[in-house]
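Chemist: Sharing a structure here in structure tokens format.
Nothing in this text is a laboratory measurement; each read-out follows from the coordinates by a stated rule. Predicted model, so just to flag it, every value in this text is computed and none were measured. Note: ideal-geometry Cβ built from the backbone for every residue, glycine included; neighbour counts use all protein chains shown.
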Amino acid sequence: MPAFQLNLLQWYDENARELPWRSDPKPYKVWLSEIMLQQTRVETVLPYFERFLERFPDIGSLASASQEEVLRLWEGLGYYSRARNLHKAAQVVMSDLSGQLPASAASLEKLPGIGKYSAAAIASIAYGEPAAAVDGNIKRIYARLLNLQEALGSSGFEQKVQSYAQEVLPKNRPGDFTQALMDLGSLLCLPKQPQCQVCPISASCLAYQHNTQNSLPFRVKKAPLPHYTVCAAVIIKAGQVLLKQREQQGMLGGLWEYPGGKIENSDQDLTDCLRRELEQKTGLKIAVGEKIGLFPHSYTHFKISLHSFYCDTNKALPAVLPRNFTWVPLEDLKDHPMGKVARQITDLITK
């Protein structure tokens, strides 16, 4: 085994983070951790992992739960398609695979929500398959080790990193090696100011030898994120509040929110926007009242500034609301899974 693999594994043996899916690396726990860790820091994941595992200790209990309960437990972790796909995959495992999570990366990748990286990570950690898992942290490490000058995300970069990752993956400890790289990227080989002086593989790192580690991996500058102004109405009648459930497909799918929408050029102001949105979407004519607050939030591809208002309607409540709209008792809001902004509004109005 080449020197840098030996050095990395020795470092991992001495410095590995203590994590619940490592002390008991059952396939279900490894799978759950890998899905939760996608684009999310370990410190954020830990309490969610423990709560999720307490309620859903195995694949069967997860598969038999309602999507609403799964989303409610996931609430605040973000990227909710992960939770929906985790739930779907558990149902597939129970119905089609006799309750057993597949043991190979190729088979894992066929399940909802498990991509190439996650499949390789689960297979290597839980089953010892020599499948190279390459995420953002590992791409950064290999870009520096090889002193790659291609742009991150380019076909040349991706091919070289994936090929190298598979080439150097030890056959006898693939799971430990994968996790060692994860820890190295999180603790030492940082995006900014990498800790090269204490890195166990700096002697093999071409970027460190050429003093290019701070500029790698090379990134193409992205355009600034678009920004939208959004309004939301809080309409309370007889102890109930009007909510809308988002479509299952798409961002925040299946979560509940307060009705409203983006301001348009035809709207004179925020209140005009709210009146138009509610009449178009529910048929309700509203009077806009006291402002509840301004809630800025950033998503992956855009930013919003959401203005929420108490609103009222003097008309009788419609007997039949449009699809996805419902009246919810205030005391039941806690049971409806919501995105971060909607939950912030809920916390304010229920105090």
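Chemist: Please give every one of the lysines within straight-line cross-link reach of Lys110, meaning a C-alpha to C-alpha distance under 16 Å, and leave out same-chain neighbours fewer than 8 residues apart.
Modeler: The reachable lysines, counting only those whose Cα sits under 16 Å from Lys110, are Lys88.
Chemist: Using the beta-carbon distance between Tyr79 and Gln268 and R0 = 30 Å, what value does 1/(1 + (r/R0)^6) give for FRET efficiency, to the nearest 0.05? Could the numbers behind the result be given before it?
Modeler: Values: r = 36 Å, r/R0 = 1.20.
It comes to 0.25.
Chemist: Where does each of Leu73, Leu348, Leu145 land when they are ranked from fewest to most other beta-carbon atoms within 10 angstrom?
Modeler: Placing the least packed residue first, the sequence is Leu348, Leu73, Leu145.
Chemist: Only bridges whose two residues both fall in the chain count here: according to DSSP, what percent of them are antiparallel, nearest 5?
Modeler: On the way: 21 of 32 bridges.
Counting DSSP beta bridges with both partners in the chain, the antiparallel share is about 65 percent.
Chemist: Follow-up question, since we're still on this one. Glu167 to Leu206: FRET efficiency via 1/(1 + (r/R0)^6), r the Cβ-Cβ distance, R0 22 Å, to the nearest 0.05?
Modeler: It comes to 0.90.
Chemist: Here are some values of mean projected area of the Cα convex hull in nm²: (i) 18.7; (ii) 20.7; (iii) 22.1. Which one was computed from this structure?
Modeler: Working out mean projected area of the Cα convex hull in nm² from the coordinates points to (ii).
Chemist: Can you bin region 227-349 into rounded, prolate or oblate? Criterion: square roots of the alpha carbon gyration tensor eigenvalues sorted a ≥ b ≥ c, rounded for a/c under 1.5, prolate for a/b above b/c, oblate for the rest.
Modeler: Rounded, because the longest to shortest axis ratio a/c is under 1.5.
Chemist: State whether region 144-293 is rounded, prolate or oblate according to the following rule on the C-alpha gyration tensor (a ≥ b ≥ c being the square roots of its eigenvalues): a/c under 1.5 gives rounded; otherwise a/b larger than b/c gives prolate, and the remaining case gives oblate.
Modeler: prolate
Chemist: Using Cβ counts within 10 Å as a stand-in for footprinting exposure, how do His87, His210 rank, fewest first? Please list the in-between numbers first.
Modeler: Values: His87 22, His210 11.
Fewest to most other Cβ atoms nearby, the residues stand as His210, His87.
Chemist: Extension gain Asp24-Thr350, at 0.36 nm per residue separation less the Cα-Cα distance, in nm?
Modeler: Gain in length upon complete extension: 113.3 nm.
Chemist: With a ≥ b ≥ c the root eigenvalues of the C-alpha gyration tensor of region 77-119, is it rounded (a/c under 1.5), prolate (a/b larger than b/c) or oblate?
Modeler: oblate
Chemist: Which three lengths, in whole Å and largest first, does region 1-147 cover when its Cα atoms are put on their principal axes?
Modeler: So the three principal-axis extents are 49, 30, 27 Å.
Chemist: Extending each Cα 7 Å along its Cβ direction at Gln193 and Lys237, get the distance between those two points in nm, one decimal.
Modeler: 5.7
Chemist: At 0.36 nm per residue, and after removing the present C-alpha to C-alpha distance, how many nm does the segment from Lys116 to Arg55 gain when stretched out fully?
Modeler: Extending this stretch completely gives an extra 19.2 nm.
Chemist: Report the gain in length on full extension from Trp327 to Ala16: 0.36 nm times residue separation, minus Cα-Cα distance, nm rounded to one decimal.
Modeler: Computed gain between Trp327 and Ala16 is 107.0 nm.
Chemist: Cα axis of helix 42-55 to longest principal axis of the chain: angle in degrees, 0 to 90, nearest 10?
Modeler: It is inclined by approximately 70 degrees.
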